[in-house]
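A quick write-up on the structure given underneath.
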Amino acid sequence: MKIGVLTSGGDAPGMNAAIRAVVRKALYHGCEAFGIKRGYSGLITGEIVPLNSRSVSDILQKGGTILQSARCPEFKTPEGQAKAREQLEKLELNGLVVIGGDGSFQGAQLLNELGFLTVGIPGTIDNDIGCTDYSIGFDTAVNTVLDSLNKIRDTASSHNRVYVVEVMGKNAGFIAVGAGLTGGAEAILIPENPVDLDEVCRKITESSKLGKSHCIVLVAEGYYEDPISADQSSGFRVGKYLADKTDCDTRITVLGHIQRGGTPTFFDRKLATLMGNKAVEMLLNGETGQMIGMVNNRIQTFPLEQAINTKKQVEPWELELTGIMSSI
């Protein structure tokens, strides 16, 4: 059996661990393994290379993806899909493991409908894929944000300032809630739960009167639905509003793509390894059109279509807890 693997969409720490698991599990069962570079773009242009055990050595600790990634609007067209099918047939690939987010899964579903065995592995720092409690890269990204918050709090307390910190999360606030809840943010602003900024201003002013020397407000990039520009991102808009209304010395930090990089944590490496192993087992059993998730600490499988159509957002109880913990 010939098994291909690709990474698509935004990169996430732990993708390399998943690639490694797919390749070595395939080789263990006597299969051939192939890496498809630059996601669906590379699939269309035939950037497909054989992989052996040495090809995936010494990559567990590396962020990013050795196969690289890209977004590919062409693959959404019938012409692009026909080119991809031609490449798969040319190499006689029997199965494909797709590592990525919602858009990547939609591509995998299209290939499944074309008659190819496909299995999806959730890889996105946003953790917004349905049918899984965790996606590869989320844990590392949250820990990266936590490390930044710890450093920002040091300088915030030294200068009696309000710091507005913008983190990734266009459609869901999992990173903001995870980091804010465990990093002690005084306010957390996410797309799922628009709050009254005047109430945030009131809390900041009240805490200042009570002697609190600093305040951290964590904002998901998708808090405002407007198109984001350098000077009109969610973080900058919130920061300007708070500064105007409270007269507090306010600083704005946009963490940006630092959240995508770095050495994957133990959790992300283990999750990626378990999922990569399961993906090959499924292909060997002829299972297709499925994704792998972790639910209640167990590896489980679900139809790709179900994952694509499930809108995952922060749970109400978690939002309530962040409100309790962030009380000033």
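The values are calculated or read from the model by the stated rules, or taken from the named source; none is laboratory data. Since the structure is predicted, the reported quantities are computational estimates derived from the model, not experimental observations. Note: ideal-geometry Cβ built from the backbone for every residue, glycine included; neighbour counts use all protein chains shown.
Taking the listed residues LYS209, LYS270, the one that is in the same structural domain as ILE66 (by TED's automatic domain parsing), of a type in the set (Lys, Arg) and surrounded by fewer than 20 Cβ atoms within 10 Å (Cβ to Cβ) is LYS270, with no other qualifying.
Conditions tested, residue by residue: (1) farther than 13 Å from ALA279 by Cβ; (2) surrounded by fewer than 22 Cβ atoms within 10 Å (Cβ to Cβ).
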residue: GLY14; (1), (2): yes, no
residue: ALA21; (1), (2): no, no
residue: CYS31; (1), (2): no, yes
residue: ILE36; (1), (2): yes, no
residue: LEU43; (1), (2): yes, no
residue: LYS62; (1), (2): yes, yes
residue: GLN68; (1), (2): yes, yes
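This table checks each residue for (1) closer than 30 Å to GLU79 by Cα; (2) in contact with a helix residue (DSSP H, G or I) (Cβ under 8 Å, 6 or more places away or on another chain).
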residue	(1), (2)
VAL5	yes, yes
ALA17	no, yes
PHE34	yes, yes
LYS37	yes, no
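Restricting THR310, THR322 to residues that are within 30 Å of LEU110 (Cβ to Cβ) and of a type in the set (Val, Ile, Thr) narrows the list to THR310.
In region 228-239, is there at least one residue being assigned by TED's automatic domain parsing to the domain that holds VAL162, within 13 Å of SER326 (Cα to Cα) and surrounded by fewer than 23 Cβ atoms within 10 Å (Cβ to Cβ)?
Of region 228-239, the ones assigned by TED's automatic domain parsing to the domain that holds VAL162 are 228-239.
This time we only want the ones that are within 13 Å of SER326 (Cα to Cα), so: none.
Among the residues of region 228-239, not one is assigned by TED's automatic domain parsing to the domain that holds VAL162, within 13 Å of SER326 (Cα to Cα) and surrounded by fewer than 23 Cβ atoms within 10 Å (Cβ to Cβ), which makes the answer no.
Inspect all residues belonging to region 299-318 and state whether any of them is hydrophobic (A, V, I, L, M, F, W, C), in contact with a Cys (Cβ under 7 Å, 6 or more places away or on another chain) and under 26 Å from GLU113 (Cα atoms). Looking for residues that are hydrophobic (A, V, I, L, M, F, W, C), in contact with a Cys (Cβ under 7 Å, 6 or more places away or on another chain) and under 26 Å from GLU113 (Cα atoms), one finds at least one in region 299-318, hence yes. Here region 150-199 is the region considered, the condition is being buried (at least 16 other Cβ atoms within 10 Å of the Cβ) and among the polar types (S, T, N, Q), and the residue that is modelled with the highest pLDDT is ASN171.
If the condition is being without any contact (Cβ under 8 Å) to a residue 60 or more places away in the chain and charged (D, E, K, R), then region 168-222 contributes LYS170, ASP196, ASP198, GLU199, ARG202, LYS209, GLU221.
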